[in-house]
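Q: Sharing a structure, written as structure tokens. Questions coming.
The values are calculated or read from the model by the stated rules, or taken from the named source; none is laboratory data. Computed from a predicted model, the values in this text were never measured in an experiment. Here the Cβ positions follow ideal geometry from the backbone for every residue, glycine too, while neighbour counts run over all protein chains shown. All accessible areas refer to the heavy atoms of the entire protein, side chains included, with ligands and DNA or RNA removed. Shrake-Rupley method; radii C 1.70, N 1.55, O 1.52, S 1.80 Å.
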Amino acid sequence: MDIGAYILNEYIPAKPLVGNLEAFFTDEEKIPIETCAQLRCGEGLKFPFARLDSQPSAVAIKESKVIVAADKATETKRVVELTLESSFDYQPGDTIGILPSNRTEIVDRLLHQLELIDKADTTCHLKLALHCAKKNAKLPAHIPPETTPREILTQCLSLNCLPQKQLLSALAGFTRDDKERSFLACLSSKQATSHYQSLILEQGLLFTDIMELCGSCRPPLAFLVEHLPRLLPRPYSIANSPLEAGDQELRVIYSLLSHKPGVTTSMLEAKALQIDAEQHTKVVIYPRLSNAFRYTEQDLGSNQILIAVGTGLAPFLSFLTHKEYLIKQQPQQDKGHSWLYIGAKKPEAILKREKLQSWQQSSVLQRLRMCHSRGESPNYVQQMMSDDADDLITFLLKPETVLYLCADGAKISQSIANGLNQCLQKVLHITEEEASQQLKELKTKGKYREDVWL
Ligand SMILES: Cc1cc2nc3c(=O)[nH]c(=O)nc-3n(C[C@H](O)[C@H](O)[C@H](O)COP(=O)(O)OP(=O)(O)OC[C@H]3O[C@@H](n4cnc5c(N)ncnc54)[C@H](O)[C@@H]3O)c2cc1C
């Protein structure tokens with residue numbers, strides 16, 4: 001990319017962020033500590049939605065299995081199932097938080113650029129600067145009291161964030177090369193809003209991309225600690241039943257973008273390769289608080305409409321496995337009906353397709369509808385719902401039916417909600433507003449539960 005093409009003749013840079021912290025190094029080489037840095041930050045650091053009785057802990061990855069192969073022609077993402085050791089109880093629908101770490105190559109490159117490679121593993125701590133300009137400046141809670149530059153950049157800071165204009169302006173101040181400095185300063189200005197829009201917001205240039213483009217930019221470590229966001233845990237749905245595996249293990253399923261994969265999924269991929277090479281490897285996880293998006297023994301007698309797209313099937317694999325085991329354990333119990341609508345790019349991209357078909361043959365699934373966006377019609381879940389509109393709405397409006405929707409994207413969830421709205425209009429002969437009102441009421445009553453992922 002020619003950064004010169006993005007430098008205007010006239011511009012006023014945004015007000016730069018200022019640094020209020022300083023890093024102090026001791027002479028000691030730090031002995032590598034196995035646990036994740038954020039676990040040494042004390043009680044002040046909260047893990048989002050963590051169950052009250054639990055702390056994140058490192059657990060072994062027992063197995064990794066590719067369940068869908070990537071396919072460029074249909075833009076199908078690679079999907080991997082991981083089996084993890086578990087030390088807590090869970091129910092289908094529950095989620096775990098996984099603590100990510102940034103890729104070694106990215107961290108090494110940054111350490112070189114910041115001229116910190118010789119001190120990468122030297123113990124350091126952060127303090128408020130003596131003449132700190134900001135009145136209420138604080139030390140960030142997600143940095144341990146004693147750490148190293150490598151640990152900070154690997155486990156504490158989000159390097160894949162989208163840079164704000166004030167950050168770009170400050171980075172310009174730490175850049176020696178004239179062209180690079182002008183590029184950063186200009187990109188931060190009001191006059192270059194259209195460049196910011198196209199490069200950062202549309203093409204998605206991240207902090208790390210900007211640092212790569214501007215190789216002479218050397219912000220102090222303490223400045224990055226203060227102004228880059230915390231590297232946050234990501235939620236993953238549990239994809240199995242505790243009845244099948246016992247509470248000692250659990251499974252999660254993730255999909256991986258082939259271009260610019262995310263932080264956590266890249267980390268999990270690297271760990272999966274270690275497993276393939278028969279090396280032991282761990283990942284730091286914690287159980288998240290449960291919500292209404294779950295299926296427990298009490299739900300065996302009720303009905304479910306399960307709607308998923310792509311990897312969004314993961315929690316429903318756990319619902320249906322649980323149901324299968326409950327039926328085996330309690331054959332005399334009344335059993336509700338479960339309908340599943342699932343969409344994917346192509347048939348091979350439907351997770352555990354054969355398992356779904358076997359559930360349809362047994363009494364676990366009473367209706368299974370599958371569609372493929374790169375195949376023959378119907379291509380979308382909404383079309384299948386529309387084809388079934390009469391049955392679907394009658395089934396939905398039964399008192400013991402709950403609809404669960406899980407999609408990896410807010411747009412998909414919205415399209416499916418719109419599809420449902422149209423089914424309501426068609427079957428109940430009501431207007432769009434009346435159908436929206438009905439959907440709202442269904443949500444309030446807990447009959448329409450959704451999990452939106454990204
Ligand atoms: C309640 C809940 C449950 C979830 N359960 C699962 C699950 O079971 N399996 C699962 O794979 N994900 C699940 N997710 C999403 C997951 O938490 C992550 O957002 C996802 O894996 C990407 O994380 P990352 O750190 O690799 O990407 P980031 O570094 O956060 O990626 C940056 C951006 O890249 C895009 N991106 C990255 N990876 C993908 C991808 N695979 N598909 C589409 N866009 C992507 C997104 O726009 C993302 O905002 C869940 C999310 C929520 C809120």
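Q: I'm checking my understanding of the structure. Among residues of the range 197-210 that are open to solvent by 10 Å² or more (accessible area, probe 1.4 Å) and assigned to a helix (DSSP H, G or I), which one is nearest to the ligand (Cβ to nearest atom)? Break it down stepwise before answering.
A: We begin by selecting, within the range 197-210, every residue open to solvent by 10 Å² or more (accessible area, probe 1.4 Å); these are 197-198, 201-206, 208-209.
Filter once more, keeping what is assigned to a helix (DSSP H, G or I): 197-198, 201-202, 208-209.
Numbers: GLN197: 17, SER198: 18, LEU201: 13, GLU202: 13, THR208: 11, ASP209: 13 Å.
My answer is THR208.
Q: Please go through the range 219-276 and pick out each residue that is among the basic types (Lys, Arg) and within 11 Å of the ligand (Cβ to nearest atom).
A: Narrowing the range 219-276 to residues among the basic types (Lys, Arg): 230, 234, 251, 260, 271.
Correct list: ARG234, ARG251, LYS260.
Q: Quick one: in the range 174-190, of everything that is assigned to a loop (DSSP other than H, G, I, E, B) and small (Gly, Ala, Ser), which residue is surrounded by the fewest Cβ atoms within 10 Å (Cβ to Cβ)?
A: Step one: filter the range 174-190 for residues assigned to a loop (DSSP other than H, G, I, E, B), giving 174, 176-177, 188-190.
After this cut, where a residue has to be small (Gly, Ala, Ser) as well, the list is 188-189.
Details: SER188: 25, SER189: 19.
Of everything passing the filter in the range 174-190, SER189 is surrounded by the fewest Cβ atoms within 10 Å (Cβ to Cβ).
Q: Further question on the same structure: Quick one: ALA141 ticks every box in (1) at pLDDT 95 or above; (2) in a helix (DSSP H, G or I); (3) open to solvent by 30 Å² or more (accessible area, probe 1.4 Å) bar one, so which box is it?
A: (2)
Q: Within the range 149-166, can you find the residues that are open to solvent by 10 Å² or more (accessible area, probe 1.4 Å) and in contact with a helix residue (DSSP H, G or I) (Cβ under 8 Å, 6 or more places away or on another chain)?
A: First pass over the range 149-166, keeping only residues open to solvent by 10 Å² or more (accessible area, probe 1.4 Å): 150-151, 154-155, 158, 160-162, 164-166.
ARG150, GLU151, THR154, GLN155, SER158, ASN160, CYS161, LEU162, LYS165 - these are the residues of the range 149-166 that are open to solvent by 10 Å² or more (accessible area, probe 1.4 Å) and in contact with a helix residue (DSSP H, G or I) (Cβ under 8 Å, 6 or more places away or on another chain).
Q: For the list (1) crowded, with 24+ Cβ neighbours inside 10 Å; (2) of a type in the set (Gly, Ala, Ser); (3) modelled with pLDDT of 95 or more, I need the number of the one condition that GLY336 fails.
A: Looking at each condition in turn, GLY336 falls short on (1).
Q: Let me ask another. Would you confirm, using the coordinates I've provided, whether LYS335 is part of a loop (DSSP other than H, G, I, E, B) and assigned by TED's automatic domain parsing to the domain that holds MET385?
A: Details: part of a loop (DSSP other than H, G, I, E, B): yes; assigned by TED's automatic domain parsing to the domain that holds MET385: yes.
Yes.
Q: Something else about it: Given the conditions (1) closer than 24 Å to GLY312 by Cα; (2) surrounded by fewer than 22 Cβ atoms within 10 Å (Cβ to Cβ), and given that GLY215 satisfies all but one, which numbered condition is not satisfied?
A: Among (1) closer than 24 Å to GLY312 by Cα; (2) surrounded by fewer than 22 Cβ atoms within 10 Å (Cβ to Cβ), the lone unmet condition for GLY215 is (1).
Q: Next question. Does ASP121 satisfy the criteria of being away from the ligand (no atom under 15 Å from the Cβ) and touching a residue at least 12 places away in the same chain (Cβ under 8 Å)?
A: On the way: away from the ligand (no atom under 15 Å from the Cβ): yes; touching a residue at least 12 places away in the same chain (Cβ under 8 Å): yes.
Yes: the conditions hold for ASP121.
Each row is one residue, and each column tells you yes or no for (1) without any contact (Cβ under 8 Å) to a residue 40 or more places away in the chain; (2) of a type in the set (Gly, Ala, Ser); (3) in a loop (DSSP other than H, G, I, E, B).
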site: PRO163; (1), (2), (3): no, no, yes
site: SER169; (1), (2), (3): no, yes, no
site: ALA172; (1), (2), (3): no, yes, no
site: HIS195; (1), (2), (3): no, no, no
site: GLU212; (1), (2), (3): no, no, no
site: ALA222; (1), (2), (3): no, yes, no
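Q: Scan the range 144-161 residue by residue and report those that are within 25 Å of the chain's Cα centre (by Cα) and part of a strand (DSSP E or B).
A: So in the range 144-161, the residues within 25 Å of the chain's Cα centre (by Cα) come out as 144, 150-161.
Residue satisfying the conditions is LEU157 alone.
Q: Could you tell me which of the residues THR208, THR148 is of a type in the set (Ser, Thr, Tyr) and in contact with a strand residue (DSSP E or B) (Cβ under 7 Å, 6 or more places away or on another chain)? Spell out the reasoning first.
A: Values: THR208 fails: in contact with a strand residue (DSSP E or B) (Cβ under 7 Å, 6 or more places away or on another chain).
Residue meeting the stated conditions: THR148.
Q: Is the range 57-71 home to any residue that is more than 16 Å from the ligand (Cβ to nearest atom), exposed (fewer than 15 other Cβ atoms within 10 Å of the Cβ), of a type in the set (Ser, Thr, Tyr) and in contact (Cβ under 8 Å) with a residue 12 or more places away in the chain?
A: No; the residues of the range 57-71 include none that is more than 16 Å from the ligand (Cβ to nearest atom), exposed (fewer than 15 other Cβ atoms within 10 Å of the Cβ), of a type in the set (Ser, Thr, Tyr) and in contact (Cβ under 8 Å) with a residue 12 or more places away in the chain.
Q: Quick check on my filter: what residues within the range 98-118 are within 11 Å of the ligand (Cβ to nearest atom) and surrounded by fewer than 21 Cβ atoms within 10 Å (Cβ to Cβ)? Spell out how you get there, then give the answer.
A: Here is the first cut: in the range 98-118, the residues within 11 Å of the ligand (Cβ to nearest atom) are 98-103.
Residue satisfying the conditions is ARG103 alone.
Q: Just checking: which of the strands (runs of 3 or more DSSP E) contained wholly in the range 347-454 hold 1 or more residues that are among the charged types (D, E, K, R) and at pLDDT 95 or above?
A: 367-372, 448-452
Q: Among the strands (runs of 3 or more DSSP E) confined wholly to the range 1-116, which include 1 or more residues that are acidic (Asp, Glu)?
A: Working: elements: 21-29, 57-68, 78-85, 95-98.
So the answer is 21-29, 57-68, 78-85.
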